[in-house]
Amino acid sequence: MRLIINEKKIKRNKKIANVLTIASLAILAAGLVFAFRPAMLLWSYVALVVGFVMTQISMYFSSRFSRSPRYDEVMAKALETIRGDYSLYVYTTPVPNLLLGPNNFYILHPVVTPGKISYENGKWKEKGRGIMMRIIGQEGLGNPEKELSAQVHMLQDYLNENGLSYTEQPRIEPLLVILSDKTSFGELSEAPLQIVDIKELKRTIRRFDREDPQGALSEGKLERIKSILG
């Protein structure tokens with residue numbers, strides 16, 4: 001498997017994560033100091049709110065760019081021995097983690113929530129991640145359907161703008177990739193997205209390509225797509 005990774009972006013965002021972490025701690029500390037001065041009580045509330053928001057942002061950046069192994073490294077490790085013509089693009093396209101296979105595109109969306117996820121009545125639900133977990137930065141499921149739909153459209157638009165029209169583009173398969181063994185599952189029979197454990201990621205993708213009724217992309221089109229993606 002080819003691995004194409006934007007090291008500059010990762011290093012830049014790692015620095016941003018570190019700066020935000022230090023700044024948020026400093027602001028929270030200032031808020032606590034202000035709390036003991038009645039004349040500055042309002043500023044204490046402001047500092048605590050701003051510090052909390054900055055902490056959440058710093059946690060987002062840290063989880064993706066500072067922690068080791070990063071999400072993309074875990075997925076790359078799971079796919080490194082996949083057979084065939086595959087290319088994993090990490091932060092080099094409009095999609096953070098994009099896998100190009102011989103048949104399709106795969107958008108790999110990491111899920112690390114320690115809660116129980118389900119899909120009921122047309123909505124994603126998450127249980128078991130309390131307020132304390134949210135405060136200390138435990139990442140939730142969010143709205144993966146909305147996020148992945150936006151990523152699909154961004155990728156399609158990007159390819160179209162670079163010479164591969166919408167009608168020529170291969171299928172795009174969004175996958176929720178479970179990275180944490182603390183994630184559990186509820187009712188998912190009607191889930192609109194495929195959910196894959198990291199241990200089954202390689203096998204699942206190979207099965208998708210093997211069972212694809214449209215078959216493999218022509219060598220010419222595959223090389224054309226690679227030239228667009230870089």
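The values are calculated or read from the model by the stated rules, or taken from the named source; none is laboratory data. Note that this is a predicted model, so its numbers are computed, not measured. All Cβ positions, even for glycine, are placed from backbone atoms using ideal geometry, and neighbour counts span all protein chains on display.
Can you find a residue that is over 16 Å from the mean Cα position of the chain (by Cα), modelled with pLDDT of 95 or more and part of a strand (DSSP E or B) anywhere in region 76-91?
The answer is yes; a qualifying residue exists.
Can you give me the number of residues within region 192-230 that are closer than 21 Å to Leu148 by Cα, outside any helix (DSSP H, G or I) and touching a Pro at 6+ places or on another chain (Cβ under 7 Å)?
Looking only at that region, the number is 1.
Within region 61-84, does at least one residue satisfy the condition of being acidic (Asp, Glu), surrounded by 17 or more Cβ atoms within 10 Å (Cβ to Cβ) and either out of contact with any Cys (no Cβ under 6 Å at 6 or more places or on another chain) or without any contact (Cβ under 8 Å) to a residue 40 or more places away in the chain (or both)?
yes
Which numbered condition in (1) part of a loop (DSSP other than H, G, I, E, B); (2) in contact (Cβ under 8 Å) with a residue 12 or more places away in the chain is the only one that Asp181 fails?
Evaluating Asp181 over (1) part of a loop (DSSP other than H, G, I, E, B); (2) in contact (Cβ under 8 Å) with a residue 12 or more places away in the chain leaves (2) as the failure.
Considering (1) among the polar types (S, T, N, Q); (2) closer than 28 Å to Asn162 by Cβ; (3) in contact (Cβ under 8 Å) with a residue 40 or more places away in the chain, say which one Asn97 fails and leave the rest.
(3)
Filter region 33-57 for residues that are buried (at least 18 other Cβ atoms within 10 Å of the Cβ) and touching a residue at least 60 places away in the same chain (Cβ under 8 Å) and give the result.
The answer is Thr55, and nothing else.
For Asp209, indicate whether it is acidic (Asp, Glu), in contact (Cβ under 8 Å) with a residue 24 or more places away in the chain and under 23 Å from Pro96 (Cβ atoms).
The answer is yes for Asp209.
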